[in-house]
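Below is one structure, written out as structure tokens, with a few remarks after it.
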Amino acid sequence: MEKTGKLNEAEYEDMKRHPIYGYELLKNIPGIPPSIALTALQHHEREDGQGYPLGLGGKDIHLHAKIGAIADVFHAMSSNRVYHQAMPFYKVIEQMNRDMFSKFNPEILMELVSRLMSTLVGKEVMLTNGRFGTIIMIDPYNPLKALLKTGTEIIDLQWKRNGKSNGSSVNGKKPDYKKSGSLSFCFTESK
């Protein structure tokens, strides 16, 4: 669909039928496993039963469709579309993480987030307060909260709360808490 504005109710209901159309196209193709057609049918279903077209919940959604749902949402949020601009990577991951125990299978989503975040070790990022740092470690239990080095300070985003940082010294210099990093980071081009 190439419409740039918001869909009206009839258009939205028609759009919600695309998984059925995909299923119908795929289900009788020789050599394609049934799980492929089922994935097309169920990729907009959600763990909490609030998806479409059938309103299925967690145990009734095929594993491949759960994986496809996460991939589809990640791609949709991080890509330019006629109806919205791509969101920054960290905002996509934060939003998907918020939906982990409602819309998505937590084990599958955590695996994706952990693998994506682990590729960022050694990359320069910009904190939401404008400071720059290099990711030196990802917390395996909370991969969105990295350990960063910013000049003379190490910042653990896991423990940065209420404007206070647990920054520790680097090269014997005391960290500057007033200028310590924010709770999250975004990405910049490497210098």
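Only the coordinates and a few stated rules stand behind these numbers; no lab work does. Remember, predicted model here, so these are calculated numbers, not experimental data. Glycine gets a Cβ as well: all are built from the backbone with ideal geometry, and neighbour counts include every protein chain shown.
Work out the FRET efficiency for K27 and D60 from their Cβ-Cβ distance, taking R0 = 22 Å, and round it to the nearest 0.05. Present the calculation step by step, with values, prior to reporting the outcome.
Working: r = 18 Å, r/R0 = 0.81.
With a Förster radius of 22 Å, E is 0.80.
Subtracting the Cα-Cα distance from 0.36 nm times the residue separation, let me have the gained length for T119 to K16 in nm, one decimal.
33.6 nm
Under 19 Å Cα to Cα from K6, which aspartates and glutamates show up? Leave out anything in the same chain fewer than 8 places away.
Cross-link targets: D14.
Among 62-74, 125-137, 29-41, what's the highest-first ranking by average C-beta atoms within 10 angstrom per residue?
So the order, starting with the most tightly packed, is 62-74, 125-137, 29-41.
Just subtract the alpha-carbon distance of K6 and Y83 from 0.36 nm times their residue separation and send over the number in nm, one decimal.
Taking K6 through Y83 to full extension adds about 27.0 nm, to one decimal.
With just the Cα atoms defining each centre, how far is region 32-50 from region 134-155? Give it in Å.
First find each Cα centre; the distance between them is then 36 Å.
With point charges of +1 on the Cβ of Lys and Arg and -1 on the Cβ of Asp and Glu, referenced to the Cα centre of region 43-121, which listed residue (M110, H62, F89) lies farthest in the positive direction of the dipole?
So the residue furthest toward the plus end is F89.
Please give the contour-minus-distance gain from Q50 to I136: 0.36 nm per residue of separation, less the Cα-Cα distance, rounded to one decimal in nm.
In short, 27.1 nm is gained.
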